[in-house]
Amino acid sequence: MGADRAESGDTADPTFLLRHPTRFAILTTSMAIEYSNSRQITDAQFIDILKRSTLAERRPVNEPDRIQAMLRHCDILCTAWDGDKLIGVARSVTDFEYCCYLSDLAVDEAYQNQGIGKELIRQTQFQLGPKAFIVLLAAPKAEAYYPKIGFTPHNSAWILRP
Ligand SMILES: CC(C)(COP(=O)(O)OP(=O)(O)OC[C@H]1O[C@@H](n2cnc3c(N)ncnc32)[C@H](O)[C@@H]1OP(=O)(O)O)[C@@H](O)C(=O)NCCC(=O)NCCS
């Protein structure tokens, strides 16, 4: 029913904006920080936030084609802003209804531990169907982070390397 209303463009449905993020900019404010799920960022901005968070150590920031593809082909890009300064990003690949791979979560070191990472995950969840789950691979520096914010470990996750 909710989905039917959303498909027909019924914006009176309270879930409509959350389920159709690409059609509307959603900006919410928490302290002075603004969150967006529709604002585009450049490759240079993406590389810069990866560097400022330290995640650049583990991402292909010196391979422009891969960085470009990461931005162009992701399904959800949630960003956090302090004015015009990009201070956090959550980049995911998803089918929106079954699973969502949260590939990159990065918050500027100067802004860490203020709830921004947590909020970026919440903003990502807003765009998913109610049954979709989020999976991720924790960077070594963040292994203790995810259990703190509600993630549970999975002891049979596997990677097929190229
Ligand atoms: C990991 C990261 C995304 C967390 O974002 P953040 O905005 O700093 O974290 P939050 O403010 O949402 O933290 C929520 C809670 O987790 C704790 N926390 C934050 N970073 C943590 C870490 N690396 N390890 C363990 N706990 C952490 C916070 O102290 C806070 O605890 P509290 O609620 O008891 O105060 C951010 O620190 C970061 O970008 N790190 C470097 C890049 C990285 O490793 N990214 C993860 C890739 S998988």
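The figures follow:
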{"quantity": "Estimated vicinal HN-Hα couplings, Hz - the range 141-146 in sequence order (Karplus 6.51, -1.76, 1.60; Gly, Pro = x)", "calculated": "5, 10, 4, 7, 6, 5"}
{"quantity": "Inter-probe distance in nm under a simple model that places probes 7 Å from Cα toward Cβ, at Arg122 and Phe96", "calculated": "2.3"}
{"quantity": "Contour excess over end-to-end distance, with Cα ends at Lys85 and Ala142 and 0.36 nm allotted per residue", "calculated": "18.2 nm"}
{"quantity": "About the Cα centre, charge dipole magnitude for the range 75-115 (Lys/Arg +1, Asp/Glu -1 at Cβ), debye", "calculated": "60"}
{"quantity": "Distant-in-sequence amide H partners of Asp75 (H built 1.01 Å from N, under 5 Å)", "calculated": "Ser92, Val93, Thr94"}
{"quantity": "5 angstrom amide H check on Asp104, placed H, neighbours 5+ away", "calculated": "Arg91"}
{"quantity": "Spin-label proximity, Thr42 to the range 68-98 - amide N less than 19 Å from point 7 Å beyond Cα toward beta carbon", "calculated": "68-73, 79-89"}
{"quantity": "Under the Karplus curve 6.51 cos²θ - 1.76 cosθ + 1.60, θ = phi - 60°, whole-Hz ³J(HN,Hα) for the range 32-47, x wherever Gly or Pro sits", "calculated": "9, 8, 10, 10, 9, 10, 9, 6, 7, 10, 7, 4, 5, 5, 5, 4"}
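Read-outs: derived from the displayed coordinates by stated rules, not from any lab. It should be emphasised that the depicted structure is a prediction, and the values quoted were computed from it without experimental measurement. All Cβ positions, even for glycine, are placed from backbone atoms using ideal geometry, and neighbour counts span all protein chains on display.
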